[in-house]
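The next block holds one structure in the form of structure tokens; read it before the comments.
The values are calculated or read from the model by the stated rules, or taken from the named source; none is laboratory data. Since the model is a prediction, treat every value here as computed from it, not as a measurement. A quick note on method: Cβ atoms are made from the backbone with ideal geometry, for glycine too, and the neighbour counts reach across all protein chains shown. Surface areas here come from the heavy atoms of the whole protein model, side chains and all, with no ligands, DNA or RNA. Shrake-Rupley method; radii C 1.70, N 1.55, O 1.52, S 1.80 Å.
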Amino acid sequence: MGEPEAKRIKTEYELVYWPGIPGRGEVVRVLFEETGTPYIDAAKSKKAVEAVCSFSDLKNVGDETNPPKFAAPVLKHGELVINQLPNILLYLAPKLGLGPASGDGVYHLNEIALTILDGFLNEVHETHHPIATSQYYEDQKDEAKKRSKAFREERLPKYLAYVQRVLDGKKSGEGGWLYGGELTYVDLVLFQCIDGTKYAFPKTMEKYREGGKYDGVFKLYDAVKERPNIKAYLESERRVDYAEGIWRHYPELEEDEGEK
Ligand SMILES: N[C@@H](CCC(=O)N[C@@H](CS)C(=O)NCC(=O)O)C(=O)O
């Protein structure tokens, strides 16, 4: 069914995402950058917003090959157009040599990726937008403070402990990676998500790092950061600074950090 894979493999990948923020698109970029895979980053074009909006336009019903999309990030590869970040990761992993093409590992890695994205991306976004994404942060600041406190004190350590348990488990293997004793895409997902969460809640994350209960998690984060291609990417102009996206820093959302 569908296009022969070989035809697509020769085609360049194109990522369509919002300009000016790392966001969900950044997780996809990190995969390309680690593996030295060429890609077109539509967020860098002058028509970036137009490209994103054209996908969610209410008149867009897709085409003969692809159903319509709800939101960015969107990945184009030949005639195939897909969205939903975890779905994009699932598609790219075997093609970039960052995960198996079949077998139990596909689903184990997907479950780890989904959990990391739940905890360190989706829930982080909800700390500053607990009521509605369509409303300004300033209009939901009181709720954001309450939500952030619960996130910092209950959810964040629960997710950190989960990742540490994955690392402590037999399936993680040797070497400090999350699964199967070698680097896979979930290690890169974790890197970007921890990086963003550290930006959003620096005091809180430092407290958890110093606490020593999640040493494996922070060690993995440091190891990815030092990989040659990632290091070069982080120092390049291609890496977008954090701004008003998913990972935002509002000091008031952790101002009581450290108080008894
Ligand atoms: N579950 C989707 C969420 C997609 C999403 O919320 N994208 C954001 C940007 S990061 C967006 O453009 N949302 C517009 C909207 O929800 O109306 C995914 O993982 O890709």
Distances longer than 21 Å among the Cα atoms of the chain: what percent of all pairs is that?
61
For the chain, size of Cβ-based charge dipole, Lys and Arg +1, Asp and Glu -1, in debye:
240
With a Förster radius of 25 Å, plug the Cβ-Cβ distance of D142 and Y199 into 1/(1 + (r/R0)^6) and report the FRET value to the nearest 0.05.
0.65
When DSSP assigns beta bridges and you keep just the ones with both residues in the chain, what percent turn out antiparallel, to the nearest 5?
75
Please check: in the Gaussian network model of the chain (C-alpha springs, under 10 Å), which one of G175, G119, G216 has the largest mean-square fluctuation.
G175
antiparallel share of DSSP beta bridges within region 5-95, to nearest 5, in %, is 75
Taking R0 as 22 Å, what FRET efficiency do you get between T115 and Q135 from their Cβ-Cβ distance, rounded to the nearest 0.05?
0.20
Express the relative contact order of region 5-95 as a whole percentage, based on alpha carbon pairs under 8 Å and six or more residues apart in sequence.
33
Can you compute the helix-only [θ] at 222 nm over the chain? Use -39500 (n - 2.57) per DSSP H run of at least 4 residues, normalise by all residues, nearest 500 deg cm²/dmol.
-14500 deg cm²/dmol
Probe radius 1.4 Å, ligands and nucleic acids ignored: give me the carbon and sulfur share of the accessible area of the chain as a rounded percent.
51
Mind ranking 66-73, 200-207, 102-109 by how tightly packed they are, going by the mean number of other C-beta atoms within 10 angstrom, highest first?
200-207, 66-73, 102-109
Which length gain, in nm to one decimal place, applies between T11 and K213 when the Cα-Cα distance is subtracted from 0.36 nm times their residue separation?
68.3 nm
Between region 14-47 and region 99-132, the Cα center-to-center distance that results, in Å:
19
